[in-house]
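Peer 1: One structure, as structure tokens, below. Some questions next.
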Amino acid sequence: MSPAPSLADQPWLNDAATARVMTALEAAGGPDCARFVGGCVRNSLVGQAVDDIDIATRLQPEQTMAALKAAGIKAVPTGLAHGTVTAVADRRPFEITTLRRDVETDGRRAVVAFTDDWGEDAQRRDFRLNALYADRTGAVFDPTGGGVEDALAGRVVFVGAPYRRIEEDYLRILRFFRFFAWYGRAEPDAEGLAACAAHADSLSRLSAERVSKELLKLLSAPDPRRSVAAMREAGVLERLFPVVKESGAFEAIVALTDDPVLRLSALLPDDPNQVAAIARDLRLPRTTEGRLADAARGPLDPQTPDIALRALVYRHGTEAVVDRLIRGQAATGVSAKTALALVRDWTPPRMPVGGRELARLGLPPGPQTGRVLKAFEDEWVAADFPEHGHQERLRRLAGSGP
């Protein structure tokens, strides 16, 4: 393993909490027992934000736990079977995993054995730009020999043979496109893309929760358009959704919003029932399912009259109308700025009458009460929520009921 560029000036590397954790591990295993790995190293090299700090160690999980506790650092056994312990230092989490190699894989999960070989640990990782390590001084190590170059050039290349990497975990198909969305430049790696296309049918073997989580991370990238186009070309999109819309709506929506749910809605048909079924198949949260179904009512003309916008907000909620207006701008090219400001600033009023007012008019509780209140609400909304004249309108409707 040859050293590569230094990360010595990175704030996260020099943070007091980071130093506490590394000092605790080195006290138990020596100066080369732990290195930073994966995203924190990769992102530092390419100038992107570092959110999570992962550490690889030669220590066994039990040794890691003991070392942290001896240093007064909280140790959480988040995945001991796979060698993972989470350290919490100064309220900041650090995921620490023992070096390992795969013993057995079935495309969904792996049986691992622990090792003390950095190169062996690197060979089981998905992409070369993720198989990068750095010691506490910031010296970077690149066991695959291509990780640093890939990261700097914007290439996403599998470690070793792409077909084998994918057969170990079929989620790596989506991870290939996710990392390309976030870090890729130029064109996707041809060999990796071919392997993803060849194994696209195997996505059905994964849990829906893993698929949806990876998909939303992909759609959260600053500009996932080239990645989604590659997914379409490889036949991956059609394995995820029974119906996929043409690409124009998605490309237009990406330019307007970084919201992954709204971007997802632009890939799905304008059919609330069909979209709700897709969301359930993906095991998305009920709130997300409802939001996607509302957006599937179709794009909303940005020039929709104010009175109609207020009625829609009252009936469906602010978020649903905002989503449809953004989709409307994407579809028409007409700015929705004025309509969006109205929708976001307007607070729907509560309906000013109820069963108590009908009882005062002598209408007994029963089905007719519901019909009268529904008729009142419809008229009140259609009249743009007037503040006065409620009793006269209610008396008229109560008197004309069946």
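Peer 1: In whole Hz, with x marking every Gly and Pro, tabulate ³J(HN,Hα) for the stretch 24-34 from phi via Karplus 6.51 cos²θ - 1.76 cosθ + 1.60, θ = phi - 60°.
Peer 2: Using θ = phi - 60°, the values come out as 5, 5, 5, 5, 8, x, x, x, 10, 8, 9 Hz.
Peer 1: Related question: Would you work out the relative contact order for the stretch 116-202, in percent, from Cα pairs under 8 angstrom that are 6 or more residues apart?
Peer 2: That works out to 26 percent.
Peer 1: Could you give the size of the charge dipole of the stretch 223-270 about its Cα centre, using +1 on the Cβ of each K and R and -1 on the Cβ of each D and E, expressed in debye and rounded to the nearest 20?
Peer 2: Dipole size: approximately 140 debye.
Peer 1: Report, in deg cm²/dmol and to the nearest 500, the calculated mean residue ellipticity at 222 nm for the chain, where each DSSP H run with n ≥ 4 adds -39500 (n - 2.57) and the sum is divided by the residue count.
Peer 2: Numbers: 21 runs with 201 residues, N = 402.
One gets -14500 deg cm²/dmol as the mean residue ellipticity at 222 nm.
Peer 1: Quick one: Karplus J couplings for the stretch 39-50, per residue in order, coefficients 6.51, -1.76, 1.60, θ = phi - 60°, nearest Hz, x for Gly and Pro?
Peer 2: x, 5, 6, 4, 5, 5, 5, 9, x, 9, 5, 9
Peer 1: What is the set of long-range amide H partners of R92 at a cut-off below 5 Å, with H atoms built 1.01 Å from backbone N?
Peer 2: Distant-sequence amide H within range of R92: zero hits.
Peer 1: Now for a different question. Report the net charge of residues surrounding A87, where surrounding means a beta-carbon distance below 12 angstrom and charges are Lys +1, Arg +1, Asp -1, Glu -1.
Peer 2: On the way: positive: R20, K69, K74, R91, R92; negative: D54, D90, E95.
Charge balance in the 12 Å sphere: +2.
Peer 1: Let me ask something else. Can you tell me the relative contact order of the chain? Whole percent, Cα pairs under 8 Å, sequence separation 6 or more.
Peer 2: Details: 658 pairs, mean separation 38.0, N = 402.
Relative contact order, the chain: 9 percent.
Peer 1: Looking at the calculated P(r) for the stretch 199-243, what percent of the C-alpha pair distances fall above 13 Å?
Peer 2: 58 percent
Peer 1: If N is the number of residues in the stretch 9-140, what value comes out of its Cα radius of gyration divided by 2.2 N^0.38 Å?
Peer 2: 1.00
Peer 1: Using only the Cα atoms, what convex hull volume per residue in Å³ does the stretch 273-402 have? All intermediate terms of the calculation are to be shown ahead of the outcome.
Peer 2: Values: hull volume 18.5 nm³, N = 130.
So the per-residue hull volume is 142 Å³.
Peer 1: Going toward the positive end of the dipole of the chain, with +1 on Lys and Arg Cβ and -1 on Asp and Glu Cβ, which of A24, L309, T288 do you reach last?
Peer 2: My answer, from the dipole projection, is L309.
Peer 1: Okay, next question. Local charge sum around P31 (other residues, Cβ-Cβ under 9 Å, Lys/Arg +1, Asp/Glu -1)?
Peer 2: Surrounding charge for P31 is -2.
Peer 1: Calculate the spin-label point distance for D378 paired with A208, positioning each point 7 Å from the Cα along the beta-carbon direction, and give it in nanometres.
Peer 2: Those two pseudo-labels are separated by 3.5 nm.
Peer 1: Moving on to the next point. Report the gain in length on full extension from D258 to W346: 0.36 nm times residue separation, minus Cα-Cα distance, nm rounded to one decimal.
Peer 2: Gain on stretching D258 to W346: 29.3 nm.
Peer 1: What distance in nm separates the simple spin-label points at R232 and F114, each placed 7 Å from Cα in the Cβ direction?
Peer 2: 4.9 nm
Peer 1: In whole Hz, with x marking every Gly and Pro, tabulate ³J(HN,Hα) for the stretch 193-204 from phi via Karplus 6.51 cos²θ - 1.76 cosθ + 1.60, θ = phi - 60°.
Peer 2: Karplus values, whole Hz, x for Gly and Pro: 4, 5, 5, 5, 5, 5, 9, 4, 4, 6, 4, 5.
Peer 1: Moving to a separate point now. Highest first, please rank the peptides 275-282, 74-81, 125-132 by the mean number of other Cβ atoms sitting within 10 Å of their residues.
Peer 2: 125-132, 275-282, 74-81
Peer 1: Out of every Cα-Cα pair in the chain, what percent are more than 27 Å apart?
Peer 2: The share of Cα pairs beyond 27 Å in the chain comes to 62 percent.
Peer 1: A further question follows. Bins of 5 Å, beginning at zero and ending with the bin holding the largest distance: percent of Cα pairs per bin for the stretch 20-80, please.
Peer 2: 4, 18, 25, 23, 15, 10, 4, 0
Peer 1: Can you tell me how much longer the chain between R280 and A70 gets when fully stretched, taken as 0.36 nm per residue apart minus their C-alpha distance, in nm with one decimal?
Peer 2: Full extension from R280 to A70 adds 71.0 nm.
Peer 1: Moving on to the next point. Accessible area per residue, 1.4 Å probe, Å², for the stretch 273-342: what's the number?
Peer 2: Solvent-accessible surface per residue comes out at 48 Å².
Peer 1: Rounding to the nearest 10 and keeping the result within 0 to 90°, find how far the Cα-based axis of helix 318-332 lies from the longest principal axis of the chain.
Peer 2: 80 degrees
Peer 1: Could you state the number of Å between the C-alpha centres of the stretch 159-175 and the stretch 368-384?
Peer 2: 58 Å
Peer 1: Tell me, what is the FRET efficiency for D270 and S220 to the nearest 0.05, using R0 = 22 angstrom and their Cβ-Cβ distance as r?
Peer 2: That pair, D270 with S220, gives E of 0.45.
Peer 1: Once you have the Cα-Cα distance between D15 and A198, take 0.36 nm times their residue separation minus that, and quote the gain in nm to one decimal.
Peer 2: Full extension from D15 to A198 adds 61.4 nm.
Peer 1: Under the rule of at least 5 residues apart or a separate chain, name every residue whose amide H is placed under 5 Å from the amide H of K245.
Peer 2: Amide H neighbours of K245: L268.
Peer 1: Output the 0 to 90 degree angle, nearest 10, between the alpha-carbon long axis of helix 306-316 and the longest principal axis computed from the alpha carbons of the chain.
Peer 2: Between the helix axis and the principal axis of the chain, the angle is about 70 degrees.
Peer 1: Between R356 and D306, take the C-beta separation as r, use R0 = 35 Å, and let me know the FRET efficiency to the nearest 0.05. Show your work: numbers first, answer last.
Peer 2: On the way: r = 32 Å, r/R0 = 0.90.
For R356 and D306, the calculated efficiency is 0.65.
Peer 1: While we're looking at this one, here's another question. Measure off, as a whole percent, the carbon and sulfur share of the 1.4 Å-probe accessible area of the chain, all protein chains present. Before the final figure, lay out each step's value.
Peer 2: On the way: 9280 of 18760 Å².
Carbon and sulfur together cover 49 percent of it.
Peer 1: Further, regarding this structure: Which one, A266, M351, A382, is farthest towards the positive end of the dipole of the stretch 259-402 when Lys and Arg carry +1 and Asp and Glu -1 on their Cβ?
Peer 2: After comparing all options, I get M351.
Peer 1: Relative to the first principal axis of the alpha-carbon coordinates of the chain, what is the inclination of helix 367-382, with its axis defined by its Cα atoms, in degrees from 0 to 90 and to the nearest 10?
Peer 2: Computed tilt is about 80 degrees.
Peer 1: Rounded to the nearest 20 debye, what is the charge dipole size of the chain about its Cα centre when +1 sits on each Lys and Arg Cβ and -1 on each Asp and Glu Cβ?
Peer 2: In debye, rounded to 20, the chain gives about 1240.
The values are calculated or read from the model by the stated rules, or taken from the named source; none is laboratory data. Since the structure is predicted, the reported quantities are computational estimates derived from the model, not experimental observations. Cβ atoms come from the backbone with ideal geometry, glycine included; neighbour counts cover every protein chain shown. Ligands, DNA and RNA are excluded from the accessible area calculation, which covers all protein heavy atoms including side chains. Shrake-Rupley method; radii C 1.70, N 1.55, O 1.52, S 1.80 Å.
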